[in-house]
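Trainee: Before I ask anything, here is the structure I am working with.
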Amino acid sequence: MEWTRARWKVRRGFVKMHVLVDTETMKILAPGVTDDSVGDSAMFESLLGQVADAGGGNTEDGARHA
């Protein structure tokens, strides 16, 4: 897609899907959708907050809650 931007000088945005995944079970714990201006690190706290609010998964202190 970058070549399209360079060739035609057109800037189109992207939709990004951010997910927090439990690597042991491979289950999606928290999804999030943003535009291309939001980075993964900016979404991390929001996704982690979704898991903490739901009462499951890993929290900031590294403790596992069921």
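The values are calculated or read from the model by the stated rules, or taken from the named source; none is laboratory data. All values reported here derive from a predicted model rather than from experimental measurement. Quick reminder, even Gly has a Cβ in these numbers, built from the backbone with ideal geometry, and neighbours come from all protein chains shown. Heavy atoms of the whole protein, side chains included, go into the accessibility calculation; ligands, DNA and RNA do not. Shrake-Rupley method; radii C 1.70, N 1.55, O 1.52, S 1.80 Å.
Trainee: Considering only segment 11-32, state which residues are closer than 18 Å to Ala54 by Cβ, open to solvent by 100 Å² or more (accessible area, probe 1.4 Å) and assigned to a strand (DSSP E or B).
Mentor: Lys27, Ile28 - these are the residues of segment 11-32 that are closer than 18 Å to Ala54 by Cβ, open to solvent by 100 Å² or more (accessible area, probe 1.4 Å) and assigned to a strand (DSSP E or B).
Trainee: Pick out the one residue from Thr25, Thr59, Thr34 that is more than 22 Å from Val15 (Cα to Cα) and modelled with pLDDT of 85 or more.
Mentor: Going through Thr25, Thr59, Thr34 in turn, the sole match is Thr25.
Trainee: Go through segment 41-51 and give me each residue that's surrounded by fewer than 12 Cβ atoms within 10 Å (Cβ to Cβ) and within 9 Å of the chain's Cα centre (by Cα).
Mentor: Ser41, Ala42
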